[in-house]
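Laboratory data are not the source of any read-out in this text; all were calculated from the coordinates shown. Predicted model only: the values in this text are computed from it and were never measured. Ideal geometry is used to build each Cβ from the backbone, glycine not excepted, and the neighbour counts take in all protein chains shown.
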Amino acid sequence: MDSYVTLDKIVRQALIANGEESLHKYARYLQFGMEGAKDFYMDSAQDVKTVRLTMDAVKQVELPLDFVDWVKVGVVIGDRIKVMGVCDTLPILTVRDDCGALQPYTSNVPANSIPIDSILYGGYYFFNYTNEWGELTGKLYGIGGGYTDIGYFRVLRNLGDHGVIQFNSDVNTTDVYLEYISNGFDPKEETIINSYAEKCIQFYIHWRVAWHKHGAASGNAKESEFQYYNELRKARIRVMGLTTREVLELSRKYYIQAPKM
Amino acid sequence: MASLAVLRDQIIRRLVGGDQISDSQIDPREIELLILQVLNAAIKIEYFTNIRAEDVHGVSGQYIATYICDVKKDLVRREDYITLTQPFVALPNDKGLDQITPMNGKCRFFIPVKVGFSSLYNGLPAGNLELKTGFYPERNKVFFTKDIMSQGTSKVMVKLIVAAGSDVVIPPDMEETIVKEVMSIMIPKMPQDKIVDNVDNPQV
C-alpha cells in the first residue's frame, strides 16, 4: 500500500461507487472531497509541512498558500533548529516611504533611553545587573526563561496576498525555517491524502452527495454520515497510533536522577 | 443482427406490401432518418431506465460514436475549442458528450464541466481540477478550460452518445420496437372527419 493516494483517485473511486460511468460529476465530487480533506488535514492528519523561506528587506516572509497555522518558526543551525519566540508587541501597522514602499522597522532606541531588554522582557525594567557605578555585575536575576537570542516573530494574516510573518528588526538571518499545518491544497500540485484516510474522504463525499441529493430520503444521508464518522474514527486511530514503546518512553521521561544526601 | 440498410428495406417492404415499386413515393433516406430519430429517443429512455433498474448512470457502449477533431483557437475568447461533427443526445449534465481525450496521450483525460464552471468554481480549490483540463459544450463547439494547444495537443478524440451514420449499431432487442415505431409514423392516416354526417372523410 502506498503511504499517500491522490485525491483524484479517491474522487474517481467515489464516482464508481455511486454508479457513475463517466466523469461528468467529477468537479462536484472533487469539491466535496476537498472539503473532507481539509477537515481531515486540520483536525486529524498530524501532517506538518516544512518550507525554507527567504526574508525580505522589511523583515517579512510571505505565508505559503496552504498555510493554516504555524508549528515552528526558526533558523537551521547545524543539524538543529533554533526556534524563534512569539512576540505580540511587533506592530501590525506598516511603515511606508513617500513612494508607498514598505520600510523596515528599526529598533530605534537611543543608547541612553529605555534599554532594549526592557522591551523584550515584557516592559519590565531590570537594573539589578549593574552596580551603583553602572558597571555590569554579570548577574541578571528575575528575568526567568523563555527568551531567545535568535529573534522574534508575529504572524500577520491580513498583510500581503496571503499574510506574512513579521520578524523583529534585530534578526540577522534571511533564511527562515517554517513548520506549519497545511490545509492540504497547493494549486500548483495534485492533492495527496494519507492512505489511512482514503476511505474516510470517500465516505465524506458519499455523505455530502447523499445530503444534497434532490428528493432523497433523509435516512440515506444520516446513514452516510454515520459511515463517514465511523471511517473518520478508524483513520484517526491509524494516524495517531500509540505504540507500547512510545508509552514506555513517556513513562520514563520524567524519571530523573536524584542527588544522594 | 440487422444493419441500418436491412432494417430500412424491411420497413419499406412492410409499408408497400412487397418489394418497393419504382413509382413508390417512400424515400429510403427518410426511413433511415426516422430509424435514427427513433433510436436516439430510445437511447434517452434507456439512460433513465438504467438509473431506475440498476442505478447505473450510463448507456450501452454500442451507442458511442467516435470522431477525431482538430483543436482550434478562438482568438476573441482566447480559448481552445473543437467543432463537433454532429450533435449528441441531450442527457443530464451533458452526458451525451461522453469523453474527450488528447490524441497525444490517451491515458490523460479531460474533465467534463458545465458552461458556468469557470465562474462557479472561481477561487475554489476544486476550480483547478487537480491540474487537469476541463471542457464544456456550447452549441456545436466544445471549449477547453486550459490552453491545450500550447501543451502540444492539436487533435482530440471525441466520444458522443448518438445514433448516427450508416454504420450505426442497432441492438437486436430494439429492432422490433424501431420497426413498429417507424411504421406507425409512416402509415398514412385518414384525414379527420369533422362533420357529423353519413359521408366519410370529406375532402375539406
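For B:G134, the amide hydrogen comes within under 5 Å of the amide hydrogens of B:I111, B:T145, B:K146, counting only partners 5 or more places away or on other chains and with H modelled in the peptide plane. Under Stokes-Einstein, with the Kirkwood radius over Cα pairs as Rh, the value for the range B:1-160 at 25 °C and 0.890 mPa s is 133 µm²/s.
Counting other Cβ atoms within 10 Å as a rough exposure proxy, the listed residues A:I10, B:I68 run B:I68, A:I10 from fewest neighbours to most.
Taking the Cβ-Cβ separation of B:D19 and A:D186 as r and a Förster radius of 60 Å, what is the calculated FRET efficiency to the nearest 0.05? Mind showing how you got there, number by number?
On the way: r = 71 Å, r/R0 = 1.18.
The pair B:D19/A:D186 has a calculated efficiency of 0.25.
What the Cα atoms of the range B:58-145 give is an Rg and a Dmax of 13.3, 39 Å. Within the listed set B:P125, B:P171, B:P112, the Gaussian network model of chain B (springs between alpha-carbon atoms below 10 Å) gives the highest mean-square fluctuation for B:P125.
Largest GNM mean-square fluctuation among A:L250, A:L178, A:L136, using chain A with Cα springs under 10 Å: A:L250. Model label points for A:K72 and A:N158, set 7 angstrom from Cα along the Cα-to-Cβ axis, are 3.2 nm apart.
Compared with the dominant principal axis of the Cα atoms in chain B, helix B:172-186 is inclined by about 60°. Of the two radii for the protein assembly as shown, the radius of gyration is 1.21 times the Kirkwood radius, both from the alpha carbons; that is the Rg over Rh value.
Consider a paramagnetic label point 7 Å from the Cα of A:V239 along Cα→Cβ; state which residues of the range A:1-38 have an amide N under 14 Å from it. Flagged as within label range: A:4-5, A:34-38.
Computed from backbone phi, the HN-Hα couplings of the range B:93-102 come to 6, 6, 6, x, 8, 6, 7, 9, 10, x Hz, rounded to whole numbers (Karplus: 6.51 cos²θ - 1.76 cosθ + 1.60, θ = phi - 60°; Gly and Pro given as x).
At an R0 of 51 angstrom, the distance between the Cβ atoms of B:Q86 and B:D200 translates into a FRET efficiency of 0.70. A dipole drawn for chain A from +1 and -1 charges on Cβ atoms has a positive end, and of A:I256, A:A57, A:I150 the residue lying farthest that way is A:I256.
For the range B:46-108, just run the numbers: alpha carbon Rg, then divide by 2.2 N^0.38 Å, N being how many residues it has.
Details: Rg = 14.9 Å, N = 63, 2.2 N^0.38 = 10.6 Å.
So the range B:46-108 has a normalised radius of gyration of 1.40.
Computing FRET efficiency as 1/(1 + (r/R0)^6) for A:L136 and A:D43, where r is the C-beta to C-beta distance and R0 is 30 Å, gives about 0.05. Annotation: amide H-H contacts under 5 Å for A:G151 (H modelled 1.01 Å from N, sequence separation of 5 or more, or interchain): A:G85. Taking the longest Cα principal axis of chain A as reference, the axis of helix A:244-253 is set at about 20 degrees.
Stretching the chain fully between B:V56 and B:L120 yields a gain of 20.3 nm (0.36 nm per residue, less the alpha carbon separation).
Per 0.36 nm of contour for each residue apart, how much would the distance between A:R52 and A:R252 grow if the chain were fully extended, relative to their Cα-Cα spacing? Could the numbers behind the result be given before it?
Values: separation 200, 0.36 × 200 = 72.00 nm, distance 3.44 nm.
Separation in residues times 0.36 nm, less the Cα-Cα distance, equals 68.6 nm.
To the nearest ten degrees, helix A:218-239 and the longest principal axis of the Cα atoms of chain A are 50 degrees apart. Listed by chain and number, the lysines whose alpha-carbon sits under 30 Å from that of A:K199, ignoring those within fewer than 8 places in the same chain, are A:K9, A:K25, A:K38, A:K49, A:K188, A:K213, A:K222, A:K234, B:K95, B:K106, B:K114, B:K132.
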